[in-house]
Amino acid sequence: MTAFALVLLVLAAPASHATFDGWDLDNYVKEDQGTWAAYYRSHARVRLGPEQRLPNGVSWRLHVDIGTGLAVPRITWMPDARRMRAANTLFDIAQGGAMLVSRAAGRELHEEQTRLRLDGKPIFQYGKSVVQTDVGLTYATPNLVSFVDLGYVVHEEGNATWRIIHGVTFDLAVRRVFGIEACPDSDIPYIGLQYTVAKQGVREPINYLFQFGPLRVCNGEAYEKFVELLKRRAVLVAEQAAGSKDPVVRACSEKPNVEQHIDKDQEIVLYLTFKGLAVHNTEYWPNSSRSTCTLTRSPVNPVILPYRELEPFMIPGPWRDELLRLN
């Protein structure tokens, strides 16, 4: 996990409202989440991006906050107006939280500048405290909505040290927010370290088993099969992208063996698209291309896994039914 990953945990919400509990904001945001949407509505100065359309006809545009430069999608049309309003309310909360993070990060940078000035050291130049490199709505129906948000936090003498790799899915039917998380029977968070006192405080291997909506990859055999599926699809994608003039694709294809980009000991971020599940790799080789390959969507990252290939990992339910109808 990045040191500053805005990853949403899957938490149940009361039927009357949705919740954004579980933001890992690394102590940046202390405010009660109930204030996030209010903060957006009272502080945002919005510039509207051009309207765009998804394959199913749902239209959307970015709301760009001029002060922070941070953008979050809003849906402008879908067949169910009530569900559209529910989704946009969640987007208001998300954008308010992002703006609060930017404000807190900006305060830290200001304090660092002040310290340097008092020590007689040169100050550093920077623009925004949080830089967004890619954002977009990737999937939207009256039941499910997904978006991706990529970027980094400027920190410590102007260096971009903390990456944001953020995939979020809203289940509008049950008013819950989904991201990749630990399996139902696990008391260790996804990519968390187990700490066992009985073993003299030794930290056990990181937990890479996960669930996401109906997807259950919750034992070693299933995880090995999932990683092999991901590797095979990554090889196919690399072959299709061979010879591409896209600078991002070229930078991310410097090594001939694409399987070196996929490892069973790597964190992933998941979100929905109409072509399949987007598996966004947060660690990428070679190191010189790490930020390029993880902070900009390209034909080689995320890898898109068709939902039909994921059927063996899915439990029955509305998500499964909807996604399997797509391909």
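The values are calculated or read from the model by the stated rules, or taken from the named source; none is laboratory data. Source: prediction; values computed, not measured. Positions of Cβ are generated from backbone atoms using ideal geometry, with glycine treated the same way; all protein chains shown enter the neighbour counts. Side chains included, ligands, DNA and RNA excluded: accessible areas come from the protein's heavy atoms. Shrake-Rupley method; radii C 1.70, N 1.55, O 1.52, S 1.80 Å.
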Estimated distance in nm for a label pair at Arg250 and Gln125, the labels positioned 7 Å out from Cα along Cα-to-Cβ:
2.8
Once phi is turned into θ = phi - 60°, what whole-Hz ³J(HN,Hα) does the Karplus curve with 6.51, -1.76 and 1.60 give for every residue of the range 133-148, x standing for Gly and Pro?
9, 6, 7, x, 7, 10, 7, 7, 9, x, 9, 10, 9, 10, 9, 10
List, in order, the whole-Hz ³J(HN,Hα) value for each residue of the range 316-327 obtained from phi through the Karplus relation with A = 6.51, B = -1.76, C = 1.60 and θ = phi - 60°; use x for Gly and Pro.
x, x, x, 4, 4, 4, 5, 6, 6, 6, 7, 7
So Ile66 and Gln240, fully extended at 0.36 nm per residue minus their Cα-Cα distance, gain in nm 58.8 nm
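Estimate the FRET efficiency between Val174 and Arg216 by the formula 1/(1 + (r/R0)^6), using the beta-carbon distance for r and 30 Å for R0, to the nearest 0.05.
Details: r = 18 Å, r/R0 = 0.59.
My answer for the efficiency is 0.95.
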Mind checking the full-extension length gain between Glu204 and Thr296? Use 0.36 nm per residue of separation minus the Cα-Cα distance, one decimal, nm.
29.9 nm
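Order Tyr152, Tyr190, most accessible first, counting only protein heavy atoms with a 1.4 angstrom probe. Please list the in-between numbers first.
Numbers: Tyr152 60, Tyr190 25 Å².
Solvent-accessible surface, decreasing: Tyr152, Tyr190.
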